[in-house]
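The values are calculated or read from the model by the stated rules, or taken from the named source; none is laboratory data. The model shown is predicted, which means the values in this text are computed figures rather than measured ones. Please note: Cβ atoms are built from the backbone with ideal geometry, for glycine as well, and neighbour counts cover all protein chains shown.
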Amino acid sequence: MIIVFLRDIIKEHKGFGKQIFVLAKTELKRTYQGAAIGPLWAIVKPAFQLFVYWFAFSIGLKIAHPIKVELHGHIEKFERFPFMLVGLIPWFFIQESIIKGAKDIRSHRQYVTKINFPVSTIMTFNSISRLYVHLLLSVLMYIFIAFTSGVSWYNLQFFLYMPLMFLFFLFLSWSTAPMCAFSPDLENAIVSVMAGMFWLTGVIYNSYDLPEPLKTIMLFNPINFFVNGYRNAFLYNRMFFEYKTELVIFLSEFIFLFIVGVFNYNRLRKKIPDVL
């Protein structure tokens, strides 16, 4: 059944490849339309957030000491600013993907009610639009890391973590966007949960340094997987397969989310036009 449902989604995308990328660029322009500095807000907003977190911890709370991480049997120290920077770059994409991904269908209802447009592609072109911003921020982050810590072949793992992150939260939107089209309450619940999720994820602290059972529980947080993954690539110089338990848990969640996303989308897609 899942294979049949997936085939339907693939059919919806077939022949719309060019339109999807055009709409992704259009969505990006629409997001910053009317702003004096336009797309530069894609950089200014996260840069300001990063400054606020750094100021709060290093100046306000006076927690300026380096972050300690156990790597390859010994303790390594990392300055707080690059540690937070590498963790926040995937977080910005993830936060946008979860909150805005849940709103994709409702906020683009004209494609459903007025235009004969494949609904699943709405989540795709919006996800690609968010990915453009993420790639720009990743380039700026990499320039900073290259000048402060140097380059390494471990950095190439970015091209593993980034596509996985894109697909994971695209699959999530296959479930949340159709359900939020039916229930605005779910949309509000997602926004509320994400407000606290930042502090339940190792974006600004080392999740591997937590006491048990919190350390093990954190392994089940997929957001944590990507935050640690980016740090593996740009700070820790550690391969993705070295923490096998975390990898196995994530792959299980990835497959589960894919199945649930395909099932939920196909279960609800025919009813969406009537609801909107």
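Brief remarks follow.
- Unique match (being without any contact (Cβ under 8 Å) to a residue 40 or more places away in the chain, buried (at least 19 other Cβ atoms within 10 Å of the Cβ) and touching a helix residue (DSSP H, G or I) at 6+ places or on another chain (Cβ under 7 Å)) among Leu257, Leu268, Leu219, Leu235: Leu219
- Matching option when the condition is of a type outside the set (A, V, I, L, M) and at positive phi, among Gly101, Gly73: Gly73
- Selected residue [at pLDDT below 80 and part of a helix (DSSP H, G or I)] from Ile105, Ile59, Ile94: Ile59
- Set Ala189, Ala181, Ala146: member being out of contact with any strand residue (DSSP E or B) (no Cβ under 7 Å at 6 or more places or on another chain), in contact (Cβ under 8 Å) with a residue 60 or more places away in the chain and assigned to a helix (DSSP H, G or I): Ala181
- Checked against (1) within 14 Å of the chain's Cα centre (by Cα); (2) closer than 20 Å to Phe254 by Cβ, Ser175 passes all but a single condition, namely (1).
- Where Phe159 falls short, out of the listed (1) exposed (fewer than 13 other Cβ atoms within 10 Å of the Cβ); (2) not in a helix (DSSP H, G or I): (2)
- Of all residues in segment 149-172 being over 11 Å from the mean Cα position of the chain (by Cα) and among the hydrophobic types (A, V, I, L, M, F, W, C), the one that is farthest from Phe78 (Cα to Cα): Phe171
- One residue alone among Glu212, Glu242 is surrounded by fewer than 20 Cβ atoms within 10 Å (Cβ to Cβ) and within 21 Å of Lys77 (Cβ to Cβ), and that residue is Glu242.
- Meets criteria (touching a residue at least 40 places away in the same chain (Cβ under 8 Å) and not hydroxyl-bearing (Ser, Thr, Tyr)) for Met194: yes
Residue-wise test of (1) crowded, with 23+ Cβ neighbours inside 10 Å; (2) aliphatic (A, V, I, L, M); (3) at pLDDT 85 or above.
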site: Pro90; (1), (2), (3): yes, no, yes
site: Gly101; (1), (2), (3): yes, no, yes
site: Gln110; (1), (2), (3): no, no, no
site: Tyr132; (1), (2), (3): no, no, yes
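Per-residue answers, yes or no, for (1) closer than 30 Å to Phe171 by Cβ; (2) out of contact with any Phe, Trp or Tyr (no Cβ under 6 Å at 6 or more places or on another chain); (3) at pLDDT below 75; (4) of a type in the set (A, V, I, L, M, F, W, C):
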| site | (1), (2), (3), (4) |
| --- | --- |
| Phe5 | yes, yes, yes, yes |
| Lys14 | yes, yes, no, no |
| Lys18 | yes, yes, no, no |
| Val22 | yes, yes, no, yes |
| Leu28 | yes, no, no, yes |
| Ala35 | no, no, yes, yes |
| His74 | no, yes, no, no |
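- Unique residue being farther than 21 Å from Gln95 by Cβ, part of a helix (DSSP H, G or I), out of contact with any Phe, Trp or Tyr (no Cβ under 9 Å at 6 or more places or on another chain) and modelled with pLDDT of 90 or more when the list is Leu247, Leu251: Leu251
- Residue in segment 112-130 that is surrounded by the fewest Cβ atoms within 10 Å (Cβ to Cβ), counting only those that are assigned to a helix (DSSP H, G or I) and over 21 Å from the mean Cα position of the chain (by Cα): Thr113
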